[in-house]
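Visitor: I'd like to ask some things about the structure below.
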Amino acid sequence: MTEKIYQKPWFWYLVALVIVALDQASKHAIEAAFEYGETKVFTSFFNFTLAYNPGAAFSFLAGAGGWQRWFFAVIAIAASVLLTVWIARCAQQKPHEAFALAFILGGALGNLYDRIVLGHVVDFIVVHYHDNYWPAFNLADSAITLGAAVLIIDMLFSKEKTANA
């Protein structure tokens, strides 16, 4: 059997690096174009607002005094190492899983860079319905969410799981 490019771990590491690059480019563009807190409305439910998150998801521990920066950085580093090994082990046989893990890895590394270098994560995408706002997020968060969704769907509906049931 001939291996295809998407069965090679390095391909998925490259995908993760592209996600990091797109995430960082979008954050730099927003920071260059917006003042902190500035909003640009696109639709009645979607806008860009430059925000900084020193905490984790949904600003968890945002006001904890600074220690959370390094705590979440260590968690992201450990998760990235785990994801790198997991991709190496599954790339050849499970490309959907490798896809999902690459997106999670890319998102984790994009936010890790912000956390270490800036001390906070740059967020700017805001979705809302009337006055009900979802917390601001970024492309790295979107990649993590997409990767997690694909991983869950793959685990629930893969042929391997169905065959073993």
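Visitor: State, to one decimal in nm, how far the label point of T145 lies from the label point of F42, with both points 7 Å from Cα in the Cβ direction.
Guide: Rounded to a tenth, the inter-label distance reads 1.2 nm.
Visitor: Below 8 Å between Cα atoms, with a sequence gap of 6+, how large is the relative contact order for the chain in percent?
Guide: Over the chain, the number comes to 30 percent.
Visitor: Quick check: with the 1.4 Å probe, what order do H96, H120 take by accessible area, largest first? Walk me through the numbers before you get to the answer.
Guide: Working: H96 120, H120 40 Å².
Of H96, H120, the descending order of accessible area is H96, H120.
Visitor: Do the sum for the chain: with -39,500 (n - 2.57) for every DSSP H run of n ≥ 4, divided by all residues, what is the mean residue ellipticity at 222 nm, to the nearest 500 deg cm²/dmol?
Guide: One gets -20500 deg cm²/dmol as the mean residue ellipticity at 222 nm.
Visitor: Right, another one. Among K8, K27, K159, what's the order by accessible area (1.4 angstrom probe), most exposed first?
Guide: Reading off the accessible areas and sorting them downward yields K159, K8, K27.
Visitor: What is the spin-label model distance, in nm, from H96 to A29 if the labels are put 7 Å beyond Cα along the C-beta direction?
Guide: It works out to 3.2 nm between the two label points.
Visitor: Mind grabbing the accessible area of V20 for me, 1.4 Å probe, Å², rounded to tens?
Guide: Using a 1.4 Å probe on the heavy atoms, I get roughly 30 Å².
Visitor: Checking a compactness column here: for the range 105-156, what do you get for Rg(Cα) / (2.2 N^0.38 Å), N being the number of residues?
Guide: Working: Rg = 13.2 Å, N = 52, 2.2 N^0.38 = 9.9 Å.
Dividing the Cα Rg of the range 105-156 by 2.2 N^0.38 Å gives 1.34.
Visitor: Here's something else I'd like to know. Excluding same-chain pairs closer than 8 in sequence, count the lysine pairs in the chain whose Cα atoms lie under 16 Å apart.
Guide: Number of lysine pairs found: 5.
The values are calculated or read from the model by the stated rules, or taken from the named source; none is laboratory data. As the structure is a computational prediction, the values presented were derived from the model and not from experiment. Neighbour counts run over all protein chains shown; Cβ positions are idealised from the backbone, glycine included. Just the protein is used for accessible areas: all its heavy atoms, side chains included, with ligands, DNA and RNA removed. Shrake-Rupley method; radii C 1.70, N 1.55, O 1.52, S 1.80 Å.
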